Amino acid sequence: MRIITTIVYHHTGISGDNQAEGIIRNHTAKWPMQFPHGMAYHMLIEKSGKTIEGRPEFSVGYHAGNWLTNLVSIGIALEGNFIEHKPTEAQLDSLAEETIDICTRNKIRWENVRLHRDVRDTPTTCPCVDLKRILEKTGRIESAKQKKLEQLRNVKKYQSSFTVNILRNWLIERKISFLETQF
Ligand SMILES: [Zn+2]
């Protein structure tokens, strides 16, 4: 198991739809040893908002342009070229929900969710727009947080009413307080 402390946001830099297969082909050709069957990113969010797993979370990706960051991060790419067009509403909704989910499971603080351009060793404009600010300004990160808190509280209530599972309830309680204090 690796310790994950960071999320890195990307755009794919390509305008078209349904890019997953092409990205897998490109990344496999570019880094055949590292990624025989996957993407350099852990997750691709299509324009429809659908998320595609690029590689498992436990596996180190090759997306940040900074090796130390690669070792401890999850790379999420949004399909599109945000110099030419904006991310879709559905993509932003999914990005907020996936971010809250990954952060809750791995105890990643909001300040450790980064844009590619802020972590890469050599300059890049990726992802061209400040996705973090957009998620904040549009209230998406807050509503994804509230949704997750409600889910966690429901699981806790359900568990408490059927079983006395102190350890599981304690773990859920920790997730709730992490989310409440860090986001
Ligand atoms: Zn990038």
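Only residues that are surrounded by fewer than 18 Cβ atoms within 10 Å (Cβ to Cβ) and at positive phi: list them for region 101-139, please.
The answer is K107, G139.
Of the residues in region 31-54, how many are under 13 Å from the mean Cα position of the chain (by Cα) and either modelled with pLDDT under 90 or β-branched (V, I, T) (or both)?
So the answer is 3.
Given the criterion free of Cβ contacts under 8 Å to residues at least 60 places away in the same chain, of a type in the set (D, E, K, R), surrounded by 17 or more Cβ atoms within 10 Å (Cβ to Cβ) and over 15 Å from H116 (Cα atoms), identify the matching residue among K30, K47. Can you show your working first?
Details: K30 fails: surrounded by 17 or more Cβ atoms within 10 Å (Cβ to Cβ).
Answer to the selection: K47.
Conditions: (1) away from the ligand (no atom under 16 Å from the Cβ); (2) at pLDDT below 95. L135 meets all but one. Number of the miss?
(2)
Can you find a residue in region 71-81 that is within 14 Å of T5 (Cα to Cα) and either part of a helix (DSSP H, G or I) or more than 15 Å from the chain's Cα centre (by Cα) (or both)?
Yes; the residues of region 71-81 include at least one that is within 14 Å of T5 (Cα to Cα) and either part of a helix (DSSP H, G or I) or more than 15 Å from the chain's Cα centre (by Cα) (or both).
Counting residues that are of a type outside the set (D, E) and within 15 Å of the ligand (Cβ to nearest atom), which strands (runs of 3 or more DSSP E) fully inside region 1-68 reach at least 3?
The strands (runs of 3 or more DSSP E) meeting that bar are 6-11, 43-45.
Filter region 129-183 for residues that are acidic (D, E) and in a helix (DSSP H, G or I); which is farthest from E97 (Cα to Cα)?
Going residue by residue through region 129-183, those that are acidic (D, E) are 130, 136, 142, 150, 173, 180.
Pick out the ones that are also in a helix (DSSP H, G or I) and you get 136, 142, 150, 173, 180.
On the way: E136: 13, E142: 10, E150: 13, E173: 20, E180: 15 Å.
Among residues in region 129-183 that are acidic (D, E) and in a helix (DSSP H, G or I), the one farthest from E97 (Cα to Cα) is E173.
Give all pairs with beta carbons closer than 9 Å in which a residue from region 100-119 that is within 16 Å of the ligand (Cβ to nearest atom) meets a residue that is assigned to a strand (DSSP E or B) and polar (S, T, N, Q); count only pairs at least 6 apart in sequence or on separate chains.
Between residues of region 100-119 that are within 16 Å of the ligand (Cβ to nearest atom) and residues that are assigned to a strand (DSSP E or B) and polar (S, T, N, Q), the close pairs are V113/T6; R114/T6; R114/S73; V119/T6; V119/S73.
Going residue by residue through region 91-106, is there one that turns out to be closer than 23 Å to H10 by Cβ and basic (K, R)? Give the derivation first.
Residues of region 91-106 closer than 23 Å to H10 by Cβ: 91-106.
Applying the additional criterion that residues be basic (K, R) yields 105.
Yes, region 91-106 contains a residue that is closer than 23 Å to H10 by Cβ and basic (K, R).
The values are calculated or read from the model by the stated rules, or taken from the named source; none is laboratory data. None of the values given here were measured: they were computed from a predicted structure. Cβ coordinates were reconstructed from backbone atoms using ideal geometry, including for glycine residues, and neighbour counts include every protein chain displayed.
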